[in-house]
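Below is one structure, written out as structure tokens; the observations come after it.
The values are calculated or read from the model by the stated rules, or taken from the named source; none is laboratory data. Computed from a predicted structure; not experimentally measured. Cβ placement follows ideal geometry from the backbone for every residue including glycine, while neighbour counts extend to all protein chains displayed. The accessibility values were calculated without ligands, DNA or RNA, using every heavy atom of the protein model including side chains. Shrake-Rupley method; radii C 1.70, N 1.55, O 1.52, S 1.80 Å.
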Amino acid sequence: MLMSEGEGGIPAPAGLAHRVPDLGALELLLSVARLGSLGRAAREMGITQPAASSRIRSMERQLGVALVDRSPRGSRLTDAGALVTDWARRIVEAAEAFDAGAQALRGRRDSRLRVAASMTIAEYLLPGWLIALRAQRPDTAVSLLAGNSAAVAERLLADEADLGFVEGLSVPAGLDAAVVAHDRLIVVTAPGHPWARRRGTLSAGELASTPLILREEGSGTRQVLDAALGGLARPLLELSSTTAVKASAVSGAGPAVLSELAVREELAARRLVSVPVEGVPLDRALRAVWRTGHRPTGPGRDLLGLTRA
């Protein structure tokens, strides 16, 4: 592990900046993956091919794995390179969302939008909407408060947010709403779990009686699942974020019920397996919400319009 000098001359672990490639290197790797050629990727990035080769080699040394196989026919990702590229894509997308937020915060202080969103929407849908909003309103400062659906309603009713997004069964009292998207909950397990190898579908009774990895009470996911099954067993684990639930399921801790939006990559990579369930309605509407009588105007109205684009 890289070490740096800490207080009193005691070595301290180096930070992420020393262990994670910079954004330029990650963008170059994504270009190589998309174009299949280091030379074409270099031209797209506006650098020379030797500079691109040097940057890839430097990244390989930093990570300790080979990322690209080079040949006269072009450049091909290694297995490790394909995995790193998937991670790189998420980092670059997060950086774009970060940049969109930072650009918005630099706008005029009298032009602001306070958004509260439940976790699934905040993680998987809202970043794209905010990037599009920045293109329309570069001077609007956007603040985002993420929490469960119950917390979003509380923020709106306390006038701490202008516009909210929730994923529960119904519209909380005192709020108006509009459906902006649809989602489906699915049962997932690690590939080694017995449910992943079963041939038949899972019954509602089996699902209801099994301790699951669940979001906390007040989350939209928990509300939909509880209503669909008419009650749940005591949770195996109760966690406050979709990411934590997903990571626990991937580790093999037990089965979980998550938004299809949240597990697409894990299902494609076979880190999680979807388990079919018979006779359980797990579709749900995702809604924009605001205080009754206070329909969004200005940037809030524009953001609401972008959710339906």
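Calculate the length of the line joining the C-alpha centroid of the stretch 19-64 to that of the stretch 208-250, in whole Å. When both Cα centres are located, 41 Å separates them.
Can you give the percent of C-alpha pairs in the stretch 144-255 whose distance is more than 22 Å? Every Cα pair in the stretch 144-255 considered, those over 22 Å come to 40 percent.
What the chain shows is 51 Å² of accessible area per residue, with the surface traced by a 1.4 Å probe over protein heavy atoms. Please report the carbon-and-sulfur percent of the accessible area for the chain; probe 1.4 Å, protein heavy atoms only, DNA, RNA and ligands left out. The computed percentage sits at 52. Across the stretch 82-175, the mean sequence separation of Cα contacts (distance under 8 Å, 6 or more residues apart), normalised by length, yields a relative contact order of 34 percent. Ranking Ala244, Leu207, Ser274 by Cα position along the charge dipole of the chain, where only Lys, Arg, Asp and Glu carry charges on their C-beta atoms, puts Ser274 farthest toward the positive end. Full extension of the chain between Ser203 and Thr48 gives 49.9 nm of extra length, using 0.36 nm per residue less the Cα-Cα distance. Helix 126-136 axis versus longest C-alpha principal axis of the chain: approximately 70°, rounded to the nearest ten.
Here are some values of mean projected area of the Cα convex hull in nm²: (1) 16.4; (2) 21.3; (3) 17.8. Which one was computed from this structure? Checked against the structure: label (2).
Per-residue extension of 0.36 nm, minus the Cα-Cα distance of Ile91 and Glu265, leaves a gain of 61.2 nm for this segment. Could you work out which residue, out of Leu163, Leu236, Leu83, moves most in a Gaussian network model of the chain, that is, has the largest mean-square fluctuation with Cα springs under 10 Å? Its mean-square fluctuation being the largest, the pick is Leu83.
The GluC sites (Glu not before Pro) of the stretch 183-240 meeting both criteria, a DSSP state outside H, G, I, E and B (loop) and at most 13 other C-beta atoms within 10 angstrom of the site's C-beta, are Glu217.
Shown here for the stretch 240-309: GluC sites (Glu not before Pro) in loop regions (DSSP other than H, G, I, E, B) with at most 13 other Cβ atoms within 10 Å, namely Glu278.
Available extension along the chain between Thr210 and Ala102 is 34.5 nm, counting 0.36 nm per residue and deducting the alpha carbon span. Name the residue farthest towards the positive end of the dipole of the stretch 193-290 from the options His193, Trp290, Pro235, assuming +1 on Cβ of Lys and Arg, -1 on Cβ of Asp and Glu, about the Cα centre. My answer, from the dipole projection, is His193. Based on the Kirkwood approach, the hydrodynamic radius assigned to the stretch 122-177 is 12.5 Å, with every pair of different Cα atoms included. When the chain is treated as a Gaussian network with alpha carbon springs shorter than 10 Å, the biggest mean-square fluctuation among Ala233, Ala262, Ala97 belongs to Ala233. Each Lys and Arg adds +1 at its Cβ and each Asp and Glu adds -1 at its Cβ; summed about the Cα centre, the chain shows a dipole of about 880 debye. Shape analysis of the stretch 92-188 places it in the oblate category; the axes a ≥ b ≥ c from the Cα gyration tensor give an a/c of at least 1.5, with a/b not above b/c.
Packing order of peptides 136-148, 191-203, 56-68, 25-37, highest average first: 25-37, 136-148, 56-68, 191-203 (average count of other Cβ atoms within 10 Å over each peptide's residues).
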